Amino acid sequence: MEEFELLISGGSAALFFFWGIDLLTGTRNKSSCPDACRVLGVVTLVWAGLFIKDCVLYLAGAPFVFGGIPSALDLMSVPVALMYLFAICRPDMVFSSCLKVGIPYFAGWGLFFAGMLLFPSYRMKIFYVLFLFTAVYVVALFIFIHRSLVSYHRYLRENYSFEKQINLRWVSYVTVLLIFNTLLFFLSYASEWLNLGYYLILIGLWWVLQNYARSQEFAEGTKEEFEAGTGVLPEYVENRKEKLEEVGRKLEKVMGEKAFYLDPELSLAKLAGEIGTNKTYLYQYLKYYKEISFLDYINALRIEKKAIPMLEGSPVSTIGEISCASGFQSVSTFRRAFVKMQGCSPSTYREKAKENRLKMQINENQRIVPPPPM
């Protein structure tokens, strides 16, 4: 079994080393966000180094003891990965975010690690303090990631009519799975099979992570825009009331005449340019006068102006065809928006519309049929 675990550790080290170099150099493809790929490349190489450390211990015949120097090195793995996940929630400053959250942890970790080396008689006690320090840090990062994702997706709703390739929902799933797999790692000290499961799950998780890193795109915006709160009607918006009402009139006219809402990649900035204003005015009009996000405003037009007429009058069109014609990038996005706006799925709406047409036809036929002679 030890030889098999050595093989798994060595294979994992080689695979992670390949992924890390590939993410750093971009040899296989060019990412839309090279900074994020390079950061993940560094993180992946750190994990490769930890796997190499395991291989060296196997070859040296050293036992894996919880609380030893190797365990202290392993404690770095999850915070390092979470630093990357936290950083990509702030696409305008990936590197600076990693440094901001990384320096405090590594400074503290370095002090505890030095204590374990300098005071071997207190090594276990220092390790437990280091373990607690790391756990608190992981929980804090998890909270920060959640808050950052909320801000980022709120920004998407207020500035984009689509989410494909730019949403970060996968970060939540990867974060939870990474923490779960960490628990499996500590359990692996008690079972060789759990150790094997840890490696296999981790490889699958990292394969998903590095593939997302290559394909991920980000919304354009500043730190202030990503972190802006919803708030109440500010005084400066009230002072611009006439200007914003003018923006609203232009918006309704242009959308009625040119149907820009059918553009599947429409953004707030793009629409503002089409109606001859800036995105700040358009954003303020939708937020404070219409009290609706840009995404919901555009989806409502897509559904009311295009999807519903097709569902009611085009029985041969599929839901996918209607979704595409209405400006949605995917059927799943169309279904979610339709349920949110209408309270039922597009298919259910079509069936109800069909039933209503049949009832109206029956009623119409009954009205035109003359009564039987007396």
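What follows is calculated from the coordinates using simple rules that are stated; it is not laboratory data. The structure displayed is predicted, hence computed values, not measured ones. Every residue, glycine as well, gets a Cβ built from its backbone with ideal geometry; the counts of neighbours run over all protein chains shown.
A compact table of results
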{"quantity": "Among the listed pairs Lys250/Lys290; Lys164/Lys340; Lys241/Lys306; Lys258/Lys305; Lys270/Lys340; Lys100/Lys125, those beyond 20 Å (Cα-Cα)", "calculated": "Lys241/Lys306; Lys270/Lys340; Lys100/Lys125"}
{"quantity": "Extension gain from Lys352 to Ala107, taking 0.36 nm per residue of separation minus the Cα-Cα distance", "calculated": "81.9 nm"}
{"quantity": "Computed E for Lys241/Glu217 - FRET, C-beta separation, R0 30 angstrom, nearest 0.05", "calculated": "0.25"}
{"quantity": "Degrees separating the helix 94-118 axis from the principal Cα axis of the chain, which is the longest one", "calculated": "20"}
{"quantity": "Net +/- balance of residues flanking Ser347 in space, Cβ distance below 15 Å, scoring K and R +1, D and E -1", "calculated": "+1"}
{"quantity": "At q = 0.17, 0.31 Å⁻¹, base-10 log of I(q)/I(0) for region 101-154 (Debye sum, equal scatterers on each alpha carbon)", "calculated": "-0.59, -1.12"}
{"quantity": "Cut-off 12 Å between beta-carbons: net charge of the residues surrounding Ala72, Lys and Arg +1, Asp and Glu -1", "calculated": "+1"}
{"quantity": "Range of Cα positions in the chain per principal axis (Å), largest first", "calculated": "108, 60, 39"}
{"quantity": "Surface/4 of the Cα convex hull for region 233-321, nm²", "calculated": "6.1"}
{"quantity": "Cα-based radius of gyration of region 290-371 once divided by 2.2 N^0.38 Å, which approximates compact folds", "calculated": "1.33"}
{"quantity": "Rg/Rh (Cα only; Kirkwood hydrodynamic radius) as it applies to region 9-130", "calculated": "1.03"}
{"quantity": "Scattering curve values for region 159-209, log₁₀ I(q)/I(0), Debye with Cα scatterers, q = 0.23 Å⁻¹", "calculated": "-0.82"}
{"quantity": "Sites Lys359 and Gln329 - FRET efficiency at Förster radius 25 Å, r taken between beta-carbons, to 0.05", "calculated": "0.10"}
{"quantity": "Pairs of alpha carbons in region 74-134 whose separation is greater than 20 Å (percent)", "calculated": "34"}
{"quantity": "Volume per residue of the C-alpha convex hull in region 136-182, rounded to whole Å³", "calculated": "59"}
{"quantity": "Tail beyond 24 Å, pair distance distribution of region 118-227 (Cα, percent)", "calculated": "45"}
{"quantity": "Gained length - Ala140 relative to Ile201, 0.36 nm times residue gap less alpha-carbon distance", "calculated": "19.5 nm"}
{"quantity": "Local electrostatic count, Trp207, Cβ distance below 13 Å [Lys/Arg +1, Asp/Glu -1]", "calculated": "0"}
{"quantity": "Using a Förster distance of 41 Å, the FRET efficiency for Thr280-Val129 (Cβ separation, nearest 0.05)", "calculated": "0.25"}
{"quantity": "Separation of the Glu312 and Leu7 label points, Cα + 7 Å toward Cβ, nm", "calculated": "6.6"}
